[in-house]
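Just so it is clear, none of the values below were taken in a lab; they were calculated from the coordinates. Since the structure is predicted, the reported quantities are computational estimates derived from the model, not experimental observations. Methodologically, a virtual Cβ is constructed for each residue, glycine included, from the backbone with ideal geometry; neighbour enumeration extends over all protein chains shown.
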Amino acid sequence: MNDVLTPELTAEIQRIGIFFIVVILIIWALFANTVRNTLKLIAKENQCILPNQAWFLIIPFFNIYWNFEVARRLSYSLNNEFFDRKIPVEENPALGAGMTYAFSFLAYNFPFPPFYRILAMIVSFVYFITYWFKINQFRVLLIEHNKWLESDEAKQINNEN
């Protein structure tokens with residue numbers, strides 16, 4: 001076995017491993033930034049999590065737990081904000097996708113046999129993308145609603161009432 005793993009090959013494997021770790025951390029940072037920017041659009045009284053707490057999603061191993069908290073608290077924050085703004089959306093927005101991602105990410109990091117870990121990794125990846133997409137949709141909806149509130153049409157409607 002040692003004949004196959006030459007020092008050059010071992011060094012190359014380490015470089016590839018470090019590269020993948022850096023890429024994963026960058027992806028988690030981009031995701032955390034999307035969560036943070038979404039929370040910044042929510043009124044302080046409706047926030048169940050502070051925007052800067054989204055950065056905890058970058059911390060390896062801690063993020064296994066923090067994914068559950070973000071999924072739950074972000075959903076409650078969005079629910080509160082949409083209720084206050086009278087925007088009709090699903091109840092507990094993105095909670096299902098967020099919790100599915102959190103559970104599958106937990107399963108992937110659990111010491112299961114390789115087949116189950118690979119299956120959990122695939123489910124985790126699919127729901128990570130789905131959850132990120134949903135959060136971004138709600139962020140865009142809040143931005144558009146803010147633009148509408150600043151428009152002349154909204155000011156006229158508010159003056160008539």
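Details
- Sequentially through the range 49-54, phi angles give Karplus couplings (6.51, -1.76, 1.60; θ = phi - 60°) of 8, 6, x, 6, 6, 5 Hz, Gly and Pro residues having no value and appearing as x.
- Tilt relative to the chain, helix 62-85 - C-alpha long axis, 0 to 90 degrees, to 10: 10 degrees
- Per the Kirkwood formula applied to alpha carbons, the range 1-84 shows a radius of gyration over Rh ratio, Rg over Rh, of 1.27.
- With Cα atoms, 0 to 90° folded angle of helix 7-40 axis to the chain main axis: 10 degrees
- Residue of GLU81, GLU12, GLU144 that the Gaussian network model of the chain assigns the largest fluctuation, springs spanning Cα pairs under 10 Å: GLU12
- Range of Cα positions in the chain per principal axis (Å), largest first: 83, 28, 22
- A crude spin-label estimate for the pair PHE19 and ASN52, with each label 7 Å from Cα along the Cβ direction, gives 3.6 nm.
- Pairs of Lys residues in the range 7-160 are counted when their Cα atoms are under 18 angstrom apart and they lie 8 or more places apart or on different chains; the count is 6.
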